[in-house]
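The values are calculated or read from the model by the stated rules, or taken from the named source; none is laboratory data. What you see is a predicted model, and the numbers here were worked out from it, not measured in a lab. For neighbour counting, all protein chains shown are included, and Cβ atoms are generated from backbone atoms with ideal geometry for every residue, glycine included. Accessible surface is based on the protein model in full, side chains and every heavy atom, while ligands, DNA and RNA are left aside. Shrake-Rupley method; radii C 1.70, N 1.55, O 1.52, S 1.80 Å.
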Amino acid sequence: MICNNVLGIIFANMHDESVSELTKVRTMGSILFGGRYRLIDFPLSNMANSGIPEVGVITKSNYQSLLDHIGSGREWDLSTKNGGLHLLPPFSHNNSGLYRGRIEALEGVLPFVQNSDAEYVVMADCDVATTIDFKSVISEHVKNNADITVVYAKHNFTGEGIGSRASTILEVNDSKRVTSVMVKPDILGEANRSLNMFVIDRKRLEKIVNRFSAEGYASFDKQVLQQNKANYKIYGYEHKGYYVKIEDMMSYYNANMDLLDIENKRRLFKNTSPIYTKVKDSGPAMYKSGSSVKNSLVADGCVIEGTVENSVLFRGVHVAKNAVVRNCILMQNTVIDEGAELYAVITDKRVTVGKDKLLTASKKNTLFIKKNQQLEND
């Protein structure tokens with residue numbers, strides 16, 4: 001399947017409210033993940049690896065760090081004269097200000113879609129970290145003569161967290177035709193969870209956006225998938241690869257911790273389909289005499305003098321002598337001073353934890369420290 005006739009669209013701000021602690025200063029797509037990545041790296045890399053030549057990124061608010069990260073798209077081989085990467089800034093909707101949902105977001109960039117020569121559009125959000133070949137999804141879309149194809153994965157809902165209420169659930173028949181759509185239901189057990197990835201014919205998308213925006217609707221899942229499933233040929237595509245979905249701070253924490261299992265890391269980061277990110281010229285991590293590091297991801301530019309266990313450290317983190325960090329996520333340029341102890345803590349960028357400071361939480365109720373905070377001992 002050749003994807004030269006495919007346009008990619010990524011929604012950078014969709015689901016920001018799910019992790020408001022992290023998105024107060026950035027988009028969902030800008031959230032740091034796995035020691036060196038941003039969440040937008042996954043849909044952007046998947047589209048690039050699938051040969052999609054043109055990608056538009058729809059922004060909304062707090063998008064400066066996103067612009068700094070993706071730049072011209074060079075790391076994803078999208079810095080080209082024909083096609084390439086397009087940053088689509090927020091817009092003011094006539095009635096409601098900034099867009100409320102996917103339909104209004106698409107309405108604001110409809111000229112960009114209409115000016116494309118693409119036959120198909122691949123749409124994705126930034127709340128799912130996975131590796132997927134969109135060529136296979138498009139092939140199934142064409143084979144089924146579908147109007148819309150929704151990518152889903154089987155998931156066992158346990159009732160913990162907000163996962164079931166934050167998901168769209170699909171039921172499909174033997175031919176994968178969607179027969180039922182439930183939006184944010186309370187559900188237990190195994191179900192088909194939408195991964196917020198879609199393939200749709202470009203002209204069909206234009207008609208849908210024009211129709212439903214004129215009627216004042218904002219939600220693609222509710223108005224199109226759920227209420228009009230009989231009017232469109234909607235099919236599901238089951239994604240069987242490893243994935244994590246960021247739905248709240250607990251799922252964000254667990255998604256990062258899961259990467260400490262080497263098998264999970266291998267399943268997410270495949271040599272055949274690499275996840276690209278902005279490259280920074282940081283020196284290698286430095287482990288000084290007396291330091292101890294176990295089962296952790298430590299990025300370039302870190303300096304470790306103390307103890308780090310079962311943790312994810314982003315670039316430029318400094319753990320001083322006699323400091324202890326366990327089961328933590330420390331974002332860029334966090335400083336843990338001498339003698340401080342942290343357990344189950346998430347620090348945003350440029351946090352300083354003072355000398356001998358003790359911060360403890362639990363794996364089921366982590367402690368989050370906001371960006372640029374300085375915490376001194378009492």
Which Rg and Dmax, in Å, describe the Cα atoms of region 242-288? 13.6, 37
Based solely on its DSSP helices, what 222 nm [θ] is calculated for the chain when runs of n ≥ 4 H residues each add -39,500 (n - 2.57) and the sum is averaged over all residues, nearest 500 deg cm²/dmol? -5000 deg cm²/dmol
Along the principal axes of its C-alpha atoms, what lengths does region 2-42 span, in descending order and rounded to whole Å? 40, 23, 13
Distance check, please: which entries in 207/240; 321/363; 135/233 exceed 29 angstrom between their Cα atoms? 207/240
Roughly speaking, what is the centre-to-centre gap between region 48-67 and region 333-378 when only Cα atoms are used, to the nearest Å? 32
Rounded to the angstrom and largest first, Cα extents along the principal axes for region 141-232 equal 40, 33, 19
Taking only the alpha carbons of region 211-250, what extent do you get along each of the three principal axes, in Å, biggest first? 37, 26, 12
What FRET efficiency comes out for the pair residue 110/residue 375, r = Cβ-Cβ distance, R0 = 51 Å, nearest 0.05? 0.60
Solvent exposure ordering (accessible area, 1.4 Å, most first) of 248, 186, 348: 186, 248, 348
What is the gain in length, in nm to one decimal, between residue 263 and residue 210 on full extension, counting 0.36 nm per residue of separation less the C-alpha to C-alpha distance? 14.6 nm
Count the net charge of all other residues whose Cβ sits under 9 Å from the Cβ of residue 309, scoring Lys and Arg as +1 and Asp and Glu as -1. +2
Cross-link partners of residue 371 among aspartates and glutamates (Cα-Cα below 15 Å; sequence separation of 8 or more within a chain): 21, 348
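Which helices pass in the chain if a helix is a full DSSP H run, must span at least 27 angstrom along its long axis by Cα, and must have mean Kyte-Doolittle hydropathy not below -0.5?
Qualifying helices: none.
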May I ask you to compute the full-extension gain from residue 240 to residue 186, defined as 0.36 nm times their residue separation minus their alpha-carbon distance, rounded to one decimal in nm? 17.1 nm
With each label point set 7 Å from Cα along the Cα-Cβ vector, what nm distance links residue 248 and residue 100? 2.5
Kirkwood calc, the chain, C-alpha pairs only, radius in angstrom 21.6
Assuming a ≥ b ≥ c are the square roots of the Cα gyration tensor eigenvalues, decide whether region 170-276 counts as rounded (a/c under 1.5), prolate (otherwise, with a/b larger than b/c) or oblate. prolate
Cα convex hull volume per residue for region 45-154 (Å³): 137
Let me have the relative contact order for the chain, percent, based on Cα pairs under 8 Å that are six or more residues apart. 14
First obtain the Kirkwood hydrodynamic radius of region 300-378 from its Cα pairs, then insert it into the Stokes-Einstein equation at 20 °C and 1.002 mPa s, and state the resulting D in µm² per second as a whole number. 182
How do 15, 239 stack up against each other in accessible area, from largest to smallest, with a 1.4 angstrom probe? 15, 239
Mind giving me the FRET efficiency for residue 363 and residue 271? R0 is 30 Å, r the Cβ-Cβ distance, nearest 0.05 is fine. 0.45
For residue 116, the accessible surface traced by a 1.4 Å probe with all protein chains present amounts, in square angstrom to the nearest 10, to 10
Tell me, how many Å apart are the Cα centres for region 137-216 and for region 240-302? 29
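Any idea what the relative contact order of region 297-374 is, in percent, if you count C-alpha pairs under 8 Å spaced at least 6 apart?
After rounding, I find 22 percent.
For region 227-266, rounded, prolate or oblate, judged on the Cα gyration tensor with a ≥ b ≥ c (square roots of eigenvalues), a/c < 1.5 rounded, else prolate if a/b > b/c?
On the way: a/c = 9.18, a/b = 2.12, b/c = 4.33.
Oblate, since a/c reaches 1.5 and b/c is not below a/b.
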Taking all pairs of distinct Cα atoms, average 1/r, flip it, and tell me the Kirkwood hydrodynamic radius of region 283-325 in Å to one decimal place. 9.8
Aspartates and glutamates with Cα under 13 Å of residue 270, excluding same-chain neighbours fewer than 8 positions away: 133
Which value, in Å² and to the nearest 10, is the accessible area of residue 262 when all protein chains are kept and the probe is 1.4 Å? 100
